[in-house]
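Visitor: Got a structure for you, written out below as structure tokens; questions coming shortly.
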Amino acid sequence: MTASLDTLLEEHAELERALADPSVHADAAQARKLGRRYAELGPVVAAARELATARDDEVAARELVAEDPSFADEVRAQHARVEELEGRLAELLVPRDPH
């Protein structure tokens, strides 16, 4: 999953750069095509970024629980959030049925 996700994240970044180029908008059909693909990838990119943040938060909570056991609930909450986001991202990465 990571390789395909990395590829999609790179594609999104490339589309963002292309859409920022004024010369791309000279060809309306091409601009629409790129814009459509950019919009398709938006939810995947947002979920991937949210997952990365949640993983960082979980790591931070684990570090805090070593110093103060009262953070144990935060670790469990962050872990649940990571699992939820992993599931959502996996759903977003399933190829869409063209029909």
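Visitor: Any chance you could count how many residues in the range 41-72 are open to solvent by 80 Å² or more (accessible area, probe 1.4 Å) and either charged (D, E, K, R) or under 15 Å from Ala90 (Cβ atoms) (or both)?
Guide: The qualifying residues number 6.
Visitor: Which condition number in (1) closer than 30 Å to Leu15 by Cα; (2) open to solvent by 70 Å² or more (accessible area, probe 1.4 Å); (3) part of a helix (DSSP H, G or I) is the one that Asp97 fails?
Guide: (3) is the only condition that Asp97 fails.
Visitor: Follow-up question, since we're still on this one. How many residues does the range 73-84 hold that are buried (at least 16 other Cβ atoms within 10 Å of the Cβ), within 28 Å of His12 (Cα to Cα) and charged (D, E, K, R)?
Guide: The qualifying residues number 1.
Visitor: Take the range 19-39 and flag every residue that is within 24 Å of the chain's Cα centre (by Cα) and assigned to a loop (DSSP other than H, G, I, E, B).
Guide: Going residue by residue through the range 19-39, those that are within 24 Å of the chain's Cα centre (by Cα) are 19-21, 31-39.
Selection gives Asp21 alone.
The values are calculated or read from the model by the stated rules, or taken from the named source; none is laboratory data. Worth saying up front: this structure is predicted, and the values here are computed from it rather than measured. Note that each Cβ is placed from the backbone with ideal geometry, even for glycine, and that neighbours are counted across all protein chains shown. For accessibility, only protein heavy atoms count, side chains too; no ligands or nucleic acids. Shrake-Rupley method; radii C 1.70, N 1.55, O 1.52, S 1.80 Å.
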